[in-house]
1. Identify the single condition in (1) at pLDDT below 80; (2) touching a Lys or Arg at 6+ places or on another chain (Cβ under 8 Å) that ASN22 does not satisfy, given that it satisfies every other one.
2. Which residue, of PRO4, PRO14, is loosely packed, with under 10 Cβ neighbours inside 10 Å and touching a helix residue (DSSP H, G or I) at 6+ places or on another chain (Cβ under 7 Å)?
3. Determine whether ARG29 is of a type in the set (Lys, Arg), surrounded by 12 or more Cβ atoms within 10 Å (Cβ to Cβ) and out of contact with any Asp or Glu (no Cβ under 6 Å at 6 or more places or on another chain).
4. Being touching a Lys or Arg at 6+ places or on another chain (Cβ under 7 Å) and in contact (Cβ under 8 Å) with a residue 12 or more places away in the chain narrows it down to one residue among ILE36, ILE7; which is it?
5. Only residues that are touching a helix residue (DSSP H, G or I) at 6+ places or on another chain (Cβ under 8 Å) and at pLDDT below 85: list them for the stretch 25-49, please.
6. State which residue is farthest from LEU20 (Cα to Cα) when the search covers only the stretch 58-73 and only residues that are hydrophobic (A, V, I, L, M, F, W, C) and either surrounded by fewer than 11 Cβ atoms within 10 Å (Cβ to Cβ) or touching a Pro at 6+ places or on another chain (Cβ under 7 Å) (or both).
7. In the stretch 32-56, which residue that is within 13 Å of THR2 (Cα to Cα) and assigned to a helix (DSSP H, G or I) is most open to solvent (accessible area, probe 1.4 Å)?
Amino acid sequence: QTIPAVILDLAPPPTGKLSLFNLYVALSRSSGRETIRLLRDFDEKALTSPHLPKLTAEDDRLSRMNETTFSWWQTLKDAGINSH
């Protein structure tokens, strides 16, 4: 869901740490960089830290599922089978 204006607090959460995934979700809600305001300065290391291994593994799994599903539908299309 897009939000017209976003105010971001990029401070680490009370528990855990700020991840690239958290940043992406927060930033992707805005309608553009002109509508984003930062509440305070933040540690730039948060933007260069590596992705969490579990998130990377999940992204890889979803990519494989996407490829498998696309191939399956292409096979049906090539065989002239209509899904409707």
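The values are calculated or read from the model by the stated rules, or taken from the named source; none is laboratory data. Just so we're clear, the structure is a prediction, and the values are computed from it rather than from any experiment. Cβ sites come from the backbone with ideal geometry, for glycine too, and all protein chains shown count toward neighbours. Note: areas computed on protein heavy atoms with side chains; ligands, DNA, RNA excluded. Shrake-Rupley method; radii C 1.70, N 1.55, O 1.52, S 1.80 Å.
1. Of everything listed in (1) at pLDDT below 80; (2) touching a Lys or Arg at 6+ places or on another chain (Cβ under 8 Å), ASN22 misses just condition (2).
2. Details: PRO14 fails: touching a helix residue (DSSP H, G or I) at 6+ places or on another chain (Cβ under 7 Å).
The match here is PRO4.
3. On the way: of a type in the set (Lys, Arg): yes; surrounded by 12 or more Cβ atoms within 10 Å (Cβ to Cβ): yes; out of contact with any Asp or Glu (no Cβ under 6 Å at 6 or more places or on another chain): yes.
It is true that ARG29 is of a type in the set (Lys, Arg), surrounded by 12 or more Cβ atoms within 10 Å (Cβ to Cβ) and out of contact with any Asp or Glu (no Cβ under 6 Å at 6 or more places or on another chain).
4. Numbers: ILE36 fails: touching a Lys or Arg at 6+ places or on another chain (Cβ under 7 Å).
Sole residue among the options that is touching a Lys or Arg at 6+ places or on another chain (Cβ under 7 Å) and in contact (Cβ under 8 Å) with a residue 12 or more places away in the chain: ILE7.
5. Taking the stretch 25-49 and keeping what is touching a helix residue (DSSP H, G or I) at 6+ places or on another chain (Cβ under 8 Å), we get 36, 46-47, 49.
Within the stretch 25-49, ALA46, LEU47, SER49 qualify.
6. Step one: of the stretch 58-73, the residues hydrophobic (A, V, I, L, M, F, W, C) are 62, 65, 70, 72-73.
Then drop every residue that is not either surrounded by fewer than 11 Cβ atoms within 10 Å (Cβ to Cβ) or touching a Pro at 6+ places or on another chain (Cβ under 7 Å) (or both), which leaves 62, 65, 70, 72.
Details: LEU62: 18, MET65: 23, PHE70: 28, TRP72: 33 Å.
By that ranking, first place goes to TRP72.
7. Here is the first cut: in the stretch 32-56, the residues within 13 Å of THR2 (Cα to Cα) are 32-33, 35-36.
Subset that is assigned to a helix (DSSP H, G or I): 33, 35.
Working: ARG33: 197, THR35: 37 Å².
Among those that are within 13 Å of THR2 (Cα to Cα) and assigned to a helix (DSSP H, G or I), it is ARG33.
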